[in-house]
Structure formats: structure tokens, C-alpha cells
Amino acid sequence: MFVLVGFLIVLGSILGGYAIVQGNFAILLQPAELLIIFGAGFGAFIASNSSFSLKLSAKGLGHMFGNGPSKAQYLEMLALLYGLFAKMQREGIISVEKDIEQPESSPLFQRYPSMAKDKAACFFIGDTLRVYLTTGNAGELDKLMGVDMSSMHDEETLPAHNIGRMAESMPGMGIVAAVLGVVITMGHIDAPPAELGHHIGAALIGTFLGILLCYGFIGPIGAKLETLAHERHLFFRAIREALAAAVRGSSPIVALEYGRRAIPLAFRPSFLEMEQKLKGS
């Protein structure tokens, strides 16, 4: 939603300012320039990526209109972890084996739909507890979770970097289109001033479009994907802190408090809000 609002503001500001000085909107419609810029930019984008990074970029673009974890999702995550920790304390670590092996059929996971649908979070929680269940060794789990989070973060930021590089190429492709426009203009050098001015204006539109696409549209998309990746990293950091405390032997509520304190202030529930969520669950 914010992406569309931002794009509308960009277009409205530019076209509104252009209209105030009575600019000719017809000259802005240059399909050939758009074809050159978009086509060349997209071709360079494909040439600079592997099949793996192209798939990640396409997947990342699918999240362009989404948002990072909300306060409600953080609360649901805390409630799920509390359910696992309390069960481990009552019945032993072996009692959660079926829950972490098959979260899609676990009554505990299914009480928290947004977490149950989050496969990466389920794998992260399950793999960590599975190692502890198998080895009984909590010493290396925090580092292990750090490795996992680093790998996920690198993968999630790759689409943002790819889109960012494509954005950086747009001004250059705009110059290519402008140069070609100048070449065409030189072929009409003996034309009347009005016609010559039209050709020069059309050539300059290439530079304008390249810069606009870079800073007004494609660049912000890359920045949005990078922001989402960072917010996702913060979500997993809270899970990591809670899991690390639980396997160290902290009580369920203390382990949960480690996770709550790791949540960014903008989304961090108060202790009372967390308590009410746990009672409601």
C-alpha cells in the first residue's frame, strides 16, 4: 500500500510541477525511449545474475507490497514459544518432538496461524530444538542460530541488492537513449527550428526517464526489499534470544522475556500485554 502511495506522490509531484509551467505532456510519451531504457536495463539485469539470484529476485518482488512483522505477529511468536517452553518444562524436551517435526499438524502450532504459515520461522525453531533434543548440548546452539540467521539474511537481501544495481543502471541507459535521440536529431539538422526543438526535447526525455526510474521507482523498490529483510532479521533475533535462554535452563517466562526485550521498541509489547496474550492462548 505504501509503495503505491509513494509512487503516486512521485508522479503527482513531477507531473504537477510540469503542468504548472504549462509543459507539453505529449512530448513525454516516448515509447521508443522507454523500450531502449527498460529493455537494455532488463537485459543487463539478466546477464548479471545467476538463475538462483533471478528466482530470489522474482520472489522478493512478490513481497514488494508487504510489510514487516507487526506487533500482533510478535505477540503470536512469543505465545508459541511459551507453549513450547512450558511443555518442555512439564514433560521434558522429548515431548515437543512431534510439534517441531510436523508443525503443520501440531495443535500447538495451529493455535498461532501466522507462525504456522511462516515456514522459515518453523524450521528455525524446529531445527534448533531438534539439535538440542538430539545432543542435549546447549553450548553451541546460539552460534548455530547465528549462522542460520546470517545465511537467511544474506539470501533475503540479495534481491534488494540486485534491484538496486538495476536502478543504478537506469541513468546510464537513459543516456544511451538520449545519445541515440541526438543521432536522430543530427539527421534533421536542416529542419525548421520548431521541428529541431521537438527532436532535441524527445532526446532529452531519455535522460529524464532514466533518472526518474532510478530514483523514483526502481531504487525505492530495492530499498523497500532491503528494509523488509532487516525487519525480518530483527524478528528472528527475538526468536533466537528466547530459544537461547530456554536451552540454557531459564524458566519459560524468563526465556520469553529475553525474546520480548529483543523486539524493537516500536513493536515491543509490554509485559502486561504479553501476559494477557499468554492467558488468552
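Every number in this text was worked out from the coordinates using simple rules, so none of it is lab data. What you see is a predicted model; the values in this text were computed from it and never measured. Methodologically, a virtual Cβ is constructed for each residue, glycine included, from the backbone with ideal geometry; neighbour enumeration extends over all protein chains shown.
With a/c under 1.5 counting as rounded, go ahead and sort segment 1-41 into rounded, prolate or oblate using the C-alpha gyration tensor (a ≥ b ≥ c being the square roots of the eigenvalues; past the cut-off, prolate if a/b is larger than b/c, else oblate). Display every interim value, and only then the final one.
Details: a/c = 3.74, a/b = 1.12, b/c = 3.34.
Verdict is oblate for segment 1-41.
How high is the FRET efficiency between S150 and E275 when r is their beta carbon distance and R₀ equals 35 Å, given to the nearest 0.05?
0.60
Step through the residues of segment 176-187 one at a time and calculate ³J(HN,Hα) from phi using the Karplus curve (6.51 cos²θ - 1.76 cosθ + 1.60, θ = phi - 60°), rounding each to whole Hz and writing x for Gly and Pro.
After applying 6.51 cos²θ - 1.76 cosθ + 1.60, I find 4, 5, 5, 4, 4, x, 5, 4, 5, 4, 5, x Hz.
Of the peptides 187-194, 268-275, 105-112, 78-85, how do they stack up when ordered by the mean number of other Cβ atoms within 10 Å, highest first?
Highest to lowest by the protection proxy: 78-85, 105-112, 268-275, 187-194.
Which of the residue pairs K71/K117; K87/K277; K98/K119; K87/K279; K59/K224; K59/K98 have a Cα-Cα distance greater than 19 Å in the structure shown?
Cα-Cα > 19 Å for K59/K98; rest within.
Sort segment 198-271 into rounded, prolate or oblate with this rule: let a ≥ b ≥ c be the square roots of the eigenvalues of the Cα gyration tensor; rounded if a/c is under 1.5, and if a/c is not under 1.5, prolate when a/b is larger than b/c, oblate otherwise. Let's see the in-between values first.
Numbers: a/c = 11.40, a/b = 4.83, b/c = 2.36.
It comes out prolate by the Cα gyration axes.
Could you go through segment 81-92 in sequence order and give the Karplus-derived ³J(HN,Hα) for each residue, using 6.51 cos²θ - 1.76 cosθ + 1.60 with θ = phi - 60°, rounded to whole Hz, and x for Gly and Pro?
4, 4, x, 5, 5, 5, 5, 4, 5, 6, 10, x
Can you give me the C-alpha center-to-center distance between segment 222-249 and segment 110-187, rounded to a whole angstrom?
Between the Cα centre of segment 222-249 and that of segment 110-187, the gap is 13 Å.
Would you mind checking the tilt of helix 31-47 against the longest principal axis of the Cα atoms of the chain, expressed as 0 to 90 degrees and rounded to 10?
40 degrees
Run the helix sum for the chain: -39,500 (n - 2.57) per DSSP H stretch of 4+ residues, divided by residue count, reported at 222 nm to the nearest 500 deg cm²/dmol.
One gets -25500 deg cm²/dmol as the mean residue ellipticity at 222 nm.
Please give the per residue volume of the convex hull enclosing the alpha carbon atoms of segment 28-281, rounded to a whole number of Å³.
Residue-normalised Cα hull volume stands at 139 Å³.
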